[in-house]
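The values are calculated or read from the model by the stated rules, or taken from the named source; none is laboratory data. Quick caveat: nothing in here was measured; it's all calculated off a predicted structure. Here the Cβ positions follow ideal geometry from the backbone for every residue, glycine too, while neighbour counts run over all protein chains shown. With ligands, DNA and RNA removed, areas are computed over all heavy atoms of the protein, side chains included. Shrake-Rupley method; radii C 1.70, N 1.55, O 1.52, S 1.80 Å.
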Amino acid sequence: MQHSIEEILQSIYLFSSFSKDDLSKLAEKTKYTILEQGESVYQEGNEAKAFYVVMYGTLRIITSTEKGTDVNVTTIATGDHFGEFPFLDHGKRAGTVEAMERCELLEIPYEHLQKTLDGDKELALKFYKSITTYLVKRMRLLTQDLAYARELKKRYS
């Protein structure tokens, strides 16, 4: 690992407003993990206890249909993060995340992140504003994808 955990966290928009002390606190419980190709980070339906930052590599998020068919939801790569939804809504994992190649991840425990945010309301406000902006961008992309899919369905039905 060339950079410290604090430096990597600082480079992610969610934590860009954190001070060096805040980043150090968060890094105390952040775990560096290596996955080999084909290994899963977690499975759909699992209880969620952490979210992840991709330091290196490519992963795919898969979900199953009611008929049991696997659907590739998206591909995530270096610099991305995933698994943040249950931090916000306390739900279970909505998909399975699998390494498409050797990957290096940072695992940030929800409990520790919550404790850090609870200790500094201004910091919490910055974090939640950042994650809200990110989720709105994702929602806009999803809306565009759905509109495109509906248009294709009309054309080819």
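A few comments on the model shown:
- Separation of alpha-carbon centers, the range 41-94 and the range 129-154, rounded to whole Å: 17 Å
- Positive contributions from Lys and Arg (+1) and negative ones from Asp and Glu (-1), summed over other residues with Cβ under 11 Å from the Cβ of residue 102, come out at -4.
- Sorting 73, 41, 53 on solvent-accessible area from highest to lowest, probe radius 1.4 Å, gives 73, 41, 53.
- Applying a DSSP loop filter and a limit of 15 other Cβ atoms within 10 Å to the GluC sites (Glu not before Pro) in the range 10-98 leaves 36, 39, 47, 66.
- Relative contact order [Cα under 8 Å, 6+ residues apart], the range 1-87, whole percent: 23 percent
- Karplus 3J(HN,Hα) series, Hz, for the range 49-63 with 6.51 cos²θ - 1.76 cosθ + 1.60 (x for Gly, Pro): 10, 7, 10, 10, 10, 8, 7, 7, x, 10, 10, 10, 9, 10, 10
- Cα principal axis extents for the chain, largest first, Å: 58, 34, 27
- Note on the chain: lysine pairs with Cα distance below 13 Å, sequence gap of 8 or more or different chains, count 7.
- Residue 16 accessible area, assembled protein chains, probe 1.4 Å, Å²: 60 Å²
- Ranked order, 3, 112, 90, 81 - accessible area, probe 1.4 Å, largest first: 90, 3, 112, 81
- The amide H of residue 42, built 1.01 Å from its N in the peptide plane, has 97 as neighbours under 5 Å, considering only residues 5 or more places off or on other chains.
- Per-residue surface analysis assigns residue 70 an accessible area of about 100 Å², computed on protein heavy atoms at 1.4 Å probe radius.
- Between helix 121-156 and the chain: long-axis angle, C-alpha atoms, 0 to 90°, nearest 10: 10 degrees
- Value at 222 nm in deg cm²/dmol, rounded to 500, when DSSP H runs of n ≥ 4 in the chain each add -39,500 (n - 2.57): -13000 deg cm²/dmol
- Relative contact order of the range 5-156, taken over Cα pairs closer than 8 Å and 6 or more residues apart, is 30 percent.
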